[in-house]
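Engineer: Could you have a look at this structure, given as structure tokens, before my questions?
The values are calculated or read from the model by the stated rules, or taken from the named source; none is laboratory data. This structure is a prediction, so every number in the text was calculated from the model and none was measured. Please note: Cβ atoms are built from the backbone with ideal geometry, for glycine as well, and neighbour counts cover all protein chains shown.
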Amino acid sequence: MLSPQRVLTASAAITVALVLAGCTKGGTLPGLSGPDPAEDVTRLTQALSNTDLSQIPASADAQADLTEILKGMDGIKPTVTSTNVSRSGDAASVGLKFVWPFPSGPWEYTTAATLQFQNDKWTLQWNPNVIHPQLTEQTRMVHQNTQATRGRILGKFGTPIAQEEAILRYGINKAKVDAATAESSAGALADALKINRDNYVTKVKSAGAQAFVEAITLRIQADQPDVSKIPGAETIRGARTLPIDGTFAPELIGTVGTATDKQVADSKGALLPGDQTGMNGLQSRYDELFRGTPAVKVTLVPRTTPTPAPGATATPATTQPITVLDVGATTGGDIATTLDIDLQRKAEKVIGGVSGAASIAVIQPSTGKLVAAANSDGSAGNPDATFGRYAPGSTYKVVTALALLRTGMTPDSQVNCSPTATVDGRQFKNYSDFPSNRNGTMTLSAALETSCNTAFINEVGKLSVEQLREAAASLGLGQDYDAGFASFFGNLPEAATKTELAASLIGQGQVEANAMAMAAVPASVQARKTVVPYLIDQKFPPQPSKPLTQAEGDQLAQMMEATVSRGTGSSLQGVAKGAKTGTAEYGNDTPLKTHAWMIAYADDIAVAVWVKDGQSGGSTAGPIIKQFLQQ
């Protein structure tokens, strides 16, 4: 039976309790032969813990027998300590405690060994029952580890969005064909499975001569690809945790795969070679919960009897298998998320049409739930929607507007939208197609509507980094917390110079954000309260020290709604209520490349779109938001 005691590690101190009446090290007493065996007992327990008896004097080839006994134990090593030592004449009886560190919990039992003092040394009287009391010369130990059914990832209404399913692994078994055939078969298999032919052929060529080279894993279904006529092609049935479809939130959900050697080593016995484990995303973050407790079984099975004479054929022993440990599996736990399947699929559809890197995030303002987050194929698997770090450009002007409102300004306060603005020798200007007839004095609301850079830059003397950070936090930005997934909520570092502070006012300089972080801004404005997004149920975000007020939300909503009705967000008329465009320069090219941004809200939806290389927020990101909101 499994003991509730914690597993002792092989590096734990080995304790030897000696019940030796009056025995002293290096000497003997009347009736006893040989010196105190304490050091020999310590060496024995250490050797057993290392499964290496090669340096222990023994009455037989103990190491060869031990290797045979343990070859079915998957390389797992026990921790062995002595419980007592008693002596009689030239013999010492040693009580041994074995603790095997299985993923399902420690397995403990006791055995005994005899040391005989002969030829001036203590010699182990070898017998297989030193390793387990029921072992004989005809049996060995076999360990079977069966992983539990993996826990699920749930979305809105508790609907599974990733769960364990029956699968077929398609691949080429190189052990069954020669190298040339393996290569040609790889091409044929790739064509049959409609995967990249060149990539898979290269993968097969570089794999070992005996390897099974997986091509793809597919759910078991009625109409499976038939690869039976391709030499060396095989399908292996199994189970694997998969999302509801291949494109559903892969960067958030993550993948499950065979544990690497490093993962096995780092798990401290929780994983065994061949086990399935989370490789990234939520599957990695909550892997211990998802894994549950595996089933473990240890059986004493017949081993081949020693050959009776040179050249004779070995015959199996007649001993029947004996089960000495059998513990059932415990299914892994589930994780509930806020993802909405319909909205996630819409987000993936609209962002999937972008050729380069791009991302979209959608928040429900009334609750703060992150209901969708998707990245284009051009993002190359990076979780840009929730973990990217990019300058948000003019979408950040909503933050600056709030900071200015808190200095006593109103949406109708006058600001100077000059053709250029100079701060400590650095000249700032408006975007290239800013209408020159709009230069001059205008209201703060008009400055946001038209996205006039210089109108905000000219107010740099009224603001500090601390005021900007406070305003950002009130709009859900920069409120970092352990959200339970790969997340970044935006950042505004300390400005080293006044010009850096000026650049921050228009979302340039050192300001960083991503689509999820920026979606918090329209969500907060729509809700008229601070909204910090969350994805994992029970992982709720903190509130800022100075949350957004109803009055502040009303003023910002007035300006963002004017941006749609008569400003740079006019392309969203009829689909969005409030919005803000943004363009952020980056890199060292001439002319500079630009990120295109747009944030918007409509009803109980707040959305942000980032496109790595776009002409402008309105012309590049705007149509993506429009398509999303119209679906």
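Engineer: If GLU39 passes every condition in (1) closer than 30 Å to THR304 by Cα; (2) at pLDDT 95 or above; (3) surrounded by 12 or more Cβ atoms within 10 Å (Cβ to Cβ) but one, which one does it miss?
Structural biologist: (1)
Engineer: Say we look at the stretch 422-431 and pick out the residues that are surrounded by fewer than 23 Cβ atoms within 10 Å (Cβ to Cβ) and of a type outside the set (Asp, Glu); which of these is farthest from ALA596 (Cα to Cα)?
Structural biologist: The residue in question is GLY425.
Engineer: Quick one: what pairs do we get from the stretch 383-400, first residue over 21 Å from ALA372 (Cβ atoms) and in the same structural domain as VAL525 (by TED's automatic domain parsing), second assigned to a helix (DSSP H, G or I) and at pLDDT below 95, C-beta under 9 Å, 6+ apart or different chains?
Structural biologist: Between residues of the stretch 383-400 that are over 21 Å from ALA372 (Cβ atoms) and in the same structural domain as VAL525 (by TED's automatic domain parsing) and residues that are assigned to a helix (DSSP H, G or I) and at pLDDT below 95, the close pairs are GLY393/GLY617; SER394/GLY617.
Engineer: Give the stretch 532-557 a look and list any residue that's farther than 14 Å from VAL521 by Cα and over 40 Å from the mean Cα position of the chain (by Cα), or say none.
Structural biologist: Once the filter is applied, which keeps residues that are farther than 14 Å from VAL521 by Cα and over 40 Å from the mean Cα position of the chain (by Cα), the stretch 532-557 yields only ALA551.
Engineer: Of (1) surrounded by fewer than 19 Cβ atoms within 10 Å (Cβ to Cβ); (2) assigned by TED's automatic domain parsing to the domain that holds LEU48; (3) touching a residue at least 12 places away in the same chain (Cβ under 8 Å); (4) within 30 Å of ASP266 (Cα to Cα), GLN63 satisfies all except one. Which?
Structural biologist: (3)
Engineer: Hey, another quick one. Got at least one residue in the stretch 247-254 being crowded, with 17+ Cβ neighbours inside 10 Å, out of contact with any helix residue (DSSP H, G or I) (no Cβ under 7 Å at 6 or more places or on another chain) and under 20 Å from ALA211 (Cα atoms)?
Structural biologist: No.
Engineer: Another one. Could you list all residues from the stretch 432-462 that are surrounded by fewer than 21 Cβ atoms within 10 Å (Cβ to Cβ), in contact with a Ser or Thr (Cβ under 6 Å, 6 or more places away or on another chain) and closer than 25 Å to PRO591 by Cα?
Structural biologist: Answer for the stretch 432-462, where residues must be surrounded by fewer than 21 Cβ atoms within 10 Å (Cβ to Cβ), in contact with a Ser or Thr (Cβ under 6 Å, 6 or more places away or on another chain) and closer than 25 Å to PRO591 by Cα: just ARG438.
Engineer: Kindly evaluate PRO541 against the criterion of being assigned to a loop (DSSP other than H, G, I, E, B), in the same structural domain as ALA347 (by TED's automatic domain parsing), in contact with a strand residue (DSSP E or B) (Cβ under 7 Å, 6 or more places away or on another chain) and not aliphatic (A, V, I, L, M). Break it down into steps so the answer makes sense when it comes.
Structural biologist: Numbers: assigned to a loop (DSSP other than H, G, I, E, B): yes; in the same structural domain as ALA347 (by TED's automatic domain parsing): yes; in contact with a strand residue (DSSP E or B) (Cβ under 7 Å, 6 or more places away or on another chain): yes; not aliphatic (A, V, I, L, M): yes.
Yes, satisfied.
Engineer: For the stretch 578-592, does any single residue satisfy the condition of being part of a loop (DSSP other than H, G, I, E, B), assigned by TED's automatic domain parsing to the domain that holds MET409, surrounded by 22 or more Cβ atoms within 10 Å (Cβ to Cβ) and more than 30 Å from the chain's Cα centre (by Cα)? Walk me through it before giving the result.
Structural biologist: To start, the set of residues in the stretch 578-592 that are part of a loop (DSSP other than H, G, I, E, B) comprises 587-592.
From the residues that got through so far, the ones that are assigned by TED's automatic domain parsing to the domain that holds MET409 too are 587-592.
With surrounded by 22 or more Cβ atoms within 10 Å (Cβ to Cβ) added as a condition, the list becomes none.
The answer is no; no qualifying residue exists.
Engineer: Is it fair to say VAL531 is part of a loop (DSSP other than H, G, I, E, B), assigned by TED's automatic domain parsing to the domain that holds ALA455, surrounded by fewer than 24 Cβ atoms within 10 Å (Cβ to Cβ) and touching a helix residue (DSSP H, G or I) at 6+ places or on another chain (Cβ under 6 Å)?
Structural biologist: Taking the combined requirement at face value, the residue does not satisfy it.
Engineer: Considering (1) modelled with pLDDT of 95 or more; (2) surrounded by fewer than 20 Cβ atoms within 10 Å (Cβ to Cβ); (3) more than 23 Å from ASP275 (Cα to Cα); (4) over 26 Å from the mean Cα position of the chain (by Cα), say which one LYS194 fails and leave the rest.
Structural biologist: (1)
Engineer: Identify, by number, the condition in (1) of a type outside the set (Lys, Arg); (2) under 32 Å from the mean Cα position of the chain (by Cα); (3) loosely packed, with under 13 Cβ neighbours inside 10 Å that ALA179 doesn't meet.
Structural biologist: The single condition ALA179 does not satisfy is (2).
Engineer: Let me ask something else. Considering each of ALA523, ALA519, ALA515 in turn, give the residue that is in contact (Cβ under 8 Å) with a residue 24 or more places away in the chain, out of contact with any Gly (no Cβ under 8 Å at 6 or more places or on another chain) and surrounded by 24 or more Cβ atoms within 10 Å (Cβ to Cβ).
Structural biologist: Unique residue meeting the criteria: ALA519.
Engineer: Related question: Exactly one of these conditions fails for THR123: (1) in contact with a Phe, Trp or Tyr (Cβ under 6 Å, 6 or more places away or on another chain); (2) in a strand (DSSP E or B). Give me its number.
Structural biologist: It is condition (1) that THR123 fails.
Engineer: Still on this structure, please answer the following. How many residues, within the stretch 544-565, are assigned to a helix (DSSP H, G or I) and farther than 14 Å from THR443 by Cα?
Structural biologist: Count: 9.
Engineer: Looking at this structure, is GLU500 within 25 Å of THR594 (Cα to Cα), surrounded by fewer than 24 Cβ atoms within 10 Å (Cβ to Cβ) and free of Cβ contacts under 8 Å to residues at least 12 places away in the same chain? Please lay out each step first, then the result.
Structural biologist: Values: within 25 Å of THR594 (Cα to Cα): yes; surrounded by fewer than 24 Cβ atoms within 10 Å (Cβ to Cβ): yes; free of Cβ contacts under 8 Å to residues at least 12 places away in the same chain: yes.
Spelling it out, GLU500 is indeed within 25 Å of THR594 (Cα to Cα), surrounded by fewer than 24 Cβ atoms within 10 Å (Cβ to Cβ) and free of Cβ contacts under 8 Å to residues at least 12 places away in the same chain.
Engineer: Something else: Among the residues of the stretch 617-625, is any at pLDDT 95 or above, aliphatic (A, V, I, L, M), in contact with a Leu (Cβ under 7 Å, 6 or more places away or on another chain) and surrounded by 16 or more Cβ atoms within 10 Å (Cβ to Cβ)?
Structural biologist: Among the residues of the stretch 617-625, at least one is at pLDDT 95 or above, aliphatic (A, V, I, L, M), in contact with a Leu (Cβ under 7 Å, 6 or more places away or on another chain) and surrounded by 16 or more Cβ atoms within 10 Å (Cβ to Cβ), which makes the answer yes.
Engineer: Taking the stretch 76-97, which residues are assigned to a strand (DSSP E or B) and either buried (at least 21 other Cβ atoms within 10 Å of the Cβ) or touching a residue at least 60 places away in the same chain (Cβ under 8 Å) (or both)?
Structural biologist: Scanning the stretch 76-97 gives THR79, VAL80, THR81, SER82, THR83, ASN84, VAL85, SER86, ARG87, ALA92, VAL94, LEU96.
Engineer: Residues being hydroxyl-bearing (Ser, Thr, Tyr) and either touching a strand residue (DSSP E or B) at 6+ places or on another chain (Cβ under 9 Å) or at pLDDT below 95 (or both): count how many of those fall in the stretch 550-567.
Structural biologist: Number satisfying all stated conditions: 1.
Engineer: Further question on the same structure: For the stretch 48-65, how many residues are more than 13 Å from PHE98 (Cβ to Cβ) and in a helix (DSSP H, G or I)? Steps first, answer last, please.
Structural biologist: Here is the first cut: in the stretch 48-65, the ones more than 13 Å from PHE98 (Cβ to Cβ) are 50, 52-65.
From what's left, in a helix (DSSP H, G or I): 62-65.
Residues that pass the stated criteria total 4.
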